[in-house]
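Throughout, read-outs are computed from the coordinates displayed, never taken from laboratory work. Not measured: the values here are computed from a predicted model. Neighbour counts run over all protein chains shown; Cβ positions are idealised from the backbone, glycine included.
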Amino acid sequence: MTRQAGRCGKPTPASTAPKGSPRRSRTTRRKAKVVTAGTQGHFFPHGGGTKICPGRHFAKQEMMSSLAVFMNEFEVELVDKEAASRVGPNMGYFPTASLPPNSKIPVRVRRREH
Ligand code: HEM
């Protein structure tokens, strides 16, 4: 096997990949295709495959604990439940890895009495 060197002189992933791995062969990599079948209409804020975000579980824990602290201190009530049930995601934000609602959802926020 010819060792391929990256720009910094270190071996490239192709030359260090285990035997039989598709990353080992340049020909195989050239034939690789992006497959999006089955992903349409779904939201992948953390990417996917070998490069999927390693911080996603930590981020989720942070979001859940922040929400728990907030909900422990405040009570949130929908002003119009019927109107709120018709609100969908604003797909214009899709490329930014966030998905806010496509219209305003009025809520009443009260500090809880402990
Ligand atoms: C809601 C919060 C987060 C979102 C939406 C997010 C999103 C992403 C996305 C889309 C990628 C690229 C994945 C791909 O190429 O397919 C990524 C990669 C990465 N994220 Fe996150 N991320 C979040 C939080 C975090 C946190 C909290 C950490 C670390 C503590 C983190 C560390 C990383 C790292 C190191 C990569 C590069 C992975 C690689 O190239 O192998 N992320 N993230």
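For K104, the lysines whose Cα falls under 19 Å of its own Cα, not counting residues fewer than eight places away in the same chain, are K81. Tell me which of F70, A97, V87 sits at the most positive position along the dipole axis of the range 53-114, charges placed on C-beta atoms (Lys, Arg +1; Asp, Glu -1). Going by the charge dipole, the pick is A97.
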